[in-house]
Structure formats: structure tokens, C-alpha cells
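**Student:** Before I ask anything, here is the structure I am working with.
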Amino acid sequence: MLLRHVRLVPVGSAAPDGLVDLRISGDRIAELGRSLTRLPAEDELDAAGRWLIPGLWDQHTHLGQWSRQGTRLDLAGATSRAEALARIRAGLHATGEVLVGGGFRPSNWADPPTTAALDEVSDSRPIVLVSGDAHSGWLNSAALRRFGLAHRDDLLREAEWFDLLPTVLAAEDAQVGPSVYATAMHAAAARGVVGIVDYEFEPGFVRWPQRYAEAGVRLRVRTSTYPVDLAAAIDGGLRSGDVIDGEPLLTMGALKIISDGSLNTQTAHCRQPYADGGHGVQNVLGPELQALLSRAASVGLSVALHAIGDAALQIALDAFAATGARGSIEHAQLAGTEQVAEIARLGLIASAQPAHLLDDRGVTEVIWDEQRAGRSFPLRELAAAGVELALGSDAPVAPLDPWLAMAAAVHRGEPHDAPWHPEHSLTTAQALSASTDGRATPTAGAPADLALLDADPLAAGDSATVAAQLRRMPVAATIVAGQVVHQAW
């Protein structure tokens, strides 16, 4: 394919001025130049001066749950238990054995989410509700029986919830079928996404080959394993970066470990206590964490290590330092200055989800305190220290939309709000560079994973204006491995 009259956007490296042509051969960019000659049988696409960037990646998703958002009962924004219960009661007509919903955030509710309250809506049909941060589940008695759990009146949290979640997701998958993945992947392609890192609670290296063929959307997918399936991944000879089942766009990613909890569940493991005197939850203790990292490193698997609280982050950094494992700190939401320097020294990636702060900014001072709020999402400090940033969504916690993540990183709030701790804001160029999986300005020999835009993503303006522009960024075309997967003109 010959792509004519594009404007190259400088992403991490310089770009030529004016319009250029770009030739794609197979899955690579073969040539860049002005007024290139069309080859016989070569498709030609006139970009008419549109802006070209490397294709975007979402570096942290739970794609199954995100794909099923449209089929789930939506509890996002419910301001009380009564409001949530009213929505659940209104949604009981939905088909399927298990009613699954999500998005509730009870940290500011006057009444807690209890089994008894949910039983008042229905004590016969299983109801499973996933919290907005995905770190807890609200089940009624019928669901507890359905999934073989003892009766309880409070939420399932952290490890107990994560142990149950794969079984819930499998039941949900059987109800909705594979078409939801195709819909979600098409939507991602329409936002310029060429690749997705999937951390769903399943053995992705087992599930994705058939799912990928059924979905039929040619995006890159980097899947993962959790510790429970690590032995199977090792037995399969899988190393990070390996092609899975002969599909070159489907590759093995990291060992994912959730070492602590989250802010809204008040389980992020912190040095300073919460109001109740607790310090959160450390799901994986230091010795076990080091053993997991050593095992992963010995077989060529990188590690994606969830650490939100600063105490959990320190345990994670100590484990990386002791083992020499490579990988990323997922979230890096609360980090001290010395920890930022240690992330840089160890060569770890900070995999951050800036859109989380849109929800978290209103509760951080309440759940943590003002001092810790000032250390939350320290993106600019991480970048200044030389840490590689990789932006994502943690979908369904935030929408799978890299432009929303970039907007939140630049403005740190809704466009109409004053930015929250703007000293931690990224520039637009930094946010864009952190969204392309390390790809720089398109050049000859690079993979032909590209996004063509109807507007300049680096257009100048104050942070609120830039954030608004990024949120509505029009994507004209998305190309993956040399093939057009989305075209809007």
C-alpha cells in the first residue's frame, strides 16, 4: 500500500516537515519520501494531509470484562445503596442464569453493600456485582450458593474475590458468547488502538487462540498468566514475546501479580494508616513475591506487578532488586521520591492509568490524606527520573480509550475542572509517547502499525483545551501489520 500526503507527528524523535508519502510492504514500512512512484498492483490511499502517528496501545486491560460492559447491569455513579438496589431491581428482566453487574463504588455510601440488602431484591436468582475498582464483589445468597461459598453478609475482597472471579467470568462468557469481543476490539481500533495488553483473570495463553479466531479483528493482543497458571505456561515453553499458536499478532506477555489492594476498597497497602488504623492488604508477602519473580525470571517471563500503596511498592521494588527480574510496576499510584528513583535505577516500566484519577481525586484526601494525595499519580516525576511510562486504562475500571488516558495525564481532571496537582502533569508529547508501546515517529523498517488522525494531536493550548481536544480526537484510519482495520472516510 502507498499512503500519500501524510504529516508525520514527532513521537519521541524528529519528523520531517511538510507532506510525505509512505510505502507499506507486508507488515513493515518499506519507504518514506516525497512523491513516491506507485508500484504495479499497489493500493493507494490519499491521506490528504492527515496526521500520522505510531498505533496506540492500551497497556493494561481486562478485556473480557470490558467487552461485556454492554451486557452488564451498570451501577456506575450510584451514590447510595438504595440507588444501586433500585437499578438492580429494574434490571432483573435481563436474560441469563446469573445477573452480573458492575461499577459500584461504595466508599461514600451511608449504608454498606450487604448480602441481606441484595437478598431483598432477589434471593432466588444469582446476582454478582463487580466493584468499580474490580477488587471486591457483592453477591446475594443465591450467588453464594451457586458458586459454592459459605454464607456471609459482607463483600468478597481481594484474594478471596480474585479466586472466585475466573469462575464467574466463565459463567458470564457462556451467557454472552464471543461476539462481544469483536465489538470491543472494533471500537478500540476506531480510537487508533493497534494493540491491547490483556490481564483478564484466566489463563489467557490457553483461551485466546480460539477467541482470537472467533473475534476476527486483527489487533495485536499480548496476553498473560497469573501465578495459579504459571506452571502451565512454563510447561508450554512460553516466554514473554513468544508467538502463541502460530498467530503472529497474538503473543505471550507477563506474569501478572496483584500484590496489594486498591484505594477505593481501602486495601492498598500503605505506610501510613487509614482512618480505621489499618494499613491495607498485602496479598502476596515479600518472600513469596521474591520466589515468584525468581521463577519468572528463570524461564524468560517478565513480571507485571500491581502495587498501588507505597508500602506494597517498596516490597515490590525489594523483590525486583533481589531477583533481577524485569517488568513493570502496574499502577504506581502512590510513590515517594526515593521510590521513583529506585524504579528508574531498576529499569522498570511504570504502567499507569491516568483516567483513574478522574474518579479517585474526589476520595483520595478522604480515604488517604492531603499529603498522600500530593504523591498520587506522580507521572511527571517518573518521566523526569527517566522511567519509561506505559499508559493504559485497566478497562473496565476506565474506558479503553488511550485519548482519554492522555487527556487525564495532561490536565489531571475533567476539562471543566481545575487540574488536580498539576505539578504531576505530563506534556501532550510525553503522554502520546507513553501510549505507543515504545514506537517512535514512523520510519522505514518500522512495523506498519499506524493511526491516521484528522487533527494534530500536539496542537497547542492550555491544559483544559488540550484535554478536550484529545478526548474527541478523530481517527481516520488504523493500520495493523500493514492491514487497514478501521477507516472512517
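**Student:** Please note which strands (runs of 3 or more DSSP E) are completely contained in the stretch 32-127 and include at least 2 residues that are under 30 Å from Asp276 (Cβ atoms).
**Tutor:** Of the strands (runs of 3 or more DSSP E) lying wholly inside the stretch 32-127, those with at least 2 residues that are under 30 Å from Asp276 (Cβ atoms) span 99-104.
**Student:** So which residues in the stretch 271-283 are part of a loop (DSSP other than H, G, I, E, B) and open to solvent by 20 Å² or more (accessible area, probe 1.4 Å), if there are any at all?
**Tutor:** In the first step, residues of the stretch 271-283 are kept if they are part of a loop (DSSP other than H, G, I, E, B); the result is 271-281, 283.
Within the stretch 271-283, Arg271, Gln272, Pro273, Ala275, Asp276, Gly277, Gly278, His279, Gly280, Val281, Asn283 meet the criteria.
**Student:** Another question about this same structure. Only one of these is of a type in the set (A, V, I, L, M) and more than 30 Å from Thr364 (Cα to Cα): Ala76, Ala48, Ala117. Name it.
**Tutor:** Going through Ala76, Ala48, Ala117 in turn, just one is of a type in the set (A, V, I, L, M) and more than 30 Å from Thr364 (Cα to Cα): Ala48.
**Student:** Moving on to the next point. Within 25 Å of Gly392 (Cβ to Cβ), in contact with a strand residue (DSSP E or B) (Cβ under 8 Å, 6 or more places away or on another chain) and of a type outside the set (Lys, Arg), is that true of Gly102?
**Tutor:** Yes, satisfied.
**Student:** Give the residue, chosen from Arg375, Arg361, Arg326, that is within 21 Å of Trp57 (Cα to Cα) and either touching a Pro at 6+ places or on another chain (Cβ under 8 Å) or surrounded by fewer than 24 Cβ atoms within 10 Å (Cβ to Cβ) (or both).
**Tutor:** Matching residue, one of Arg375, Arg361, Arg326: Arg326.
**Student:** Ok, one more. Can you name every residue in the stretch 212-226 that is surrounded by fewer than 17 Cβ atoms within 10 Å (Cβ to Cβ) and touching a helix residue (DSSP H, G or I) at 6+ places or on another chain (Cβ under 8 Å)?
**Tutor:** Once the filter is applied, which keeps residues that are surrounded by fewer than 17 Cβ atoms within 10 Å (Cβ to Cβ) and touching a helix residue (DSSP H, G or I) at 6+ places or on another chain (Cβ under 8 Å), the stretch 212-226 yields Glu214, Gly216.
**Student:** Related question: Restricting the search to the stretch 289-317, which residues are free of Cβ contacts under 8 Å to residues at least 40 places away in the same chain and crowded, with 20+ Cβ neighbours inside 10 Å?
**Tutor:** Scanning the stretch 289-317 gives Leu289, Leu293, Leu313, Leu317.
**Student:** Of all residues in the stretch 6-62 being among the small types (Gly, Ala, Ser) and under 28 Å from the mean Cα position of the chain (by Cα), which is least open to solvent (accessible area, probe 1.4 Å)?
**Tutor:** Within the stretch 6-62, the subset among the small types (Gly, Ala, Ser) is 12-15, 18, 25-26, 30, 33, 35, 41, 47-49, 55.
Next, only the ones that are under 28 Å from the mean Cα position of the chain (by Cα) stay: 12-13, 55.
Working: Gly12: 75, Ser13: 50, Gly55: 2 Å².
Out of the qualifying residues, it is Gly55.
**Student:** Can you tell me which residues in the stretch 106-125 are more than 24 Å from Ala395 (Cα to Cα), surrounded by fewer than 23 Cβ atoms within 10 Å (Cβ to Cβ) and of a type outside the set (S, T, N, Q)?
**Tutor:** Restricting attention to the stretch 106-125, the residues satisfying the condition of being more than 24 Å from Ala395 (Cα to Cα) are 110-112, 114-125.
With the extra rule that they be surrounded by fewer than 23 Cβ atoms within 10 Å (Cβ to Cβ), the set shrinks to 110-112, 114-117, 119-125.
Residues satisfying the conditions are Ala110, Asp111, Pro112, Ala116, Ala117, Asp119, Glu120, Val121, Asp123, Arg125.
**Student:** Given (1) farther than 23 Å from Val130 by Cα; (2) in contact with a strand residue (DSSP E or B) (Cβ under 9 Å, 6 or more places away or on another chain), identify the lone condition not met by Ala231.
**Tutor:** Every condition holds for Ala231 apart from (2).
**Student:** Does Ser136 qualify as being touching a residue at least 60 places away in the same chain (Cβ under 8 Å) and under 30 Å from His331 (Cα atoms)?
**Tutor:** When the stated conditions are applied, Ser136 passes them.
**Student:** Something else now. Which is within 16 Å of Ala434 (Cβ to Cβ), part of a helix (DSSP H, G or I), among the charged types (D, E, K, R) and out of contact with any strand residue (DSSP E or B) (no Cβ under 6 Å at 6 or more places or on another chain), of Glu365, Glu338, Glu381, Glu342? Quick ask: steps written out before the conclusion?
**Tutor:** Numbers: Glu365 fails: within 16 Å of Ala434 (Cβ to Cβ); Glu338 fails: within 16 Å of Ala434 (Cβ to Cβ); Glu342 fails: within 16 Å of Ala434 (Cβ to Cβ).
Exactly one residue qualifies, and that residue is Glu381.
**Student:** For residues that are surrounded by 20 or more Cβ atoms within 10 Å (Cβ to Cβ) and closer than 17 Å to Ile349 by Cβ, tally how many sit in the stretch 235-250.
**Tutor:** 1
**Student:** Now for a separate question. Give the stretch 394-434 a look and list any residue that's among the small types (Gly, Ala, Ser), more than 19 Å from Gly192 (Cα to Cα) and open to solvent by 20 Å² or more (accessible area, probe 1.4 Å), or say none.
**Tutor:** Ala418
**Student:** I would also like to ask the following. Which condition number in (1) open to solvent by less than 30 Å² (accessible area, probe 1.4 Å); (2) more than 21 Å from the chain's Cα centre (by Cα) is the one that Leu391 fails?
**Tutor:** Exception for Leu391: condition (2).
**Student:** Which residues, taken from the stretch 1-53, are of a type in the set (D, E, K, R) and in contact (Cβ under 8 Å) with a residue 60 or more places away in the chain?
**Tutor:** Arg7, Asp27, Arg28, Glu31, Arg50
**Student:** Now for a different question. Has the stretch 285-294 got at least one residue that is out of contact with any helix residue (DSSP H, G or I) (no Cβ under 6 Å at 6 or more places or on another chain) and in a loop (DSSP other than H, G, I, E, B)?
**Tutor:** yes
**Student:** Let me ask something else. Scanning the stretch 442-466 for residues that are buried (at least 18 other Cβ atoms within 10 Å of the Cβ) and of a type in the set (Gly, Ala, Ser), which turns out nearest to Asp417 (Cα to Cα)?
**Tutor:** Ala464
The values are calculated or read from the model by the stated rules, or taken from the named source; none is laboratory data. Everything quoted here is computed from the prediction, not taken from an experiment. Every residue, glycine as well, gets a Cβ built from its backbone with ideal geometry; the counts of neighbours run over all protein chains shown. Quick note on the areas: whole protein, heavy atoms, side chains included, nothing else; ligands and nucleic acids left out. Shrake-Rupley method; radii C 1.70, N 1.55, O 1.52, S 1.80 Å.
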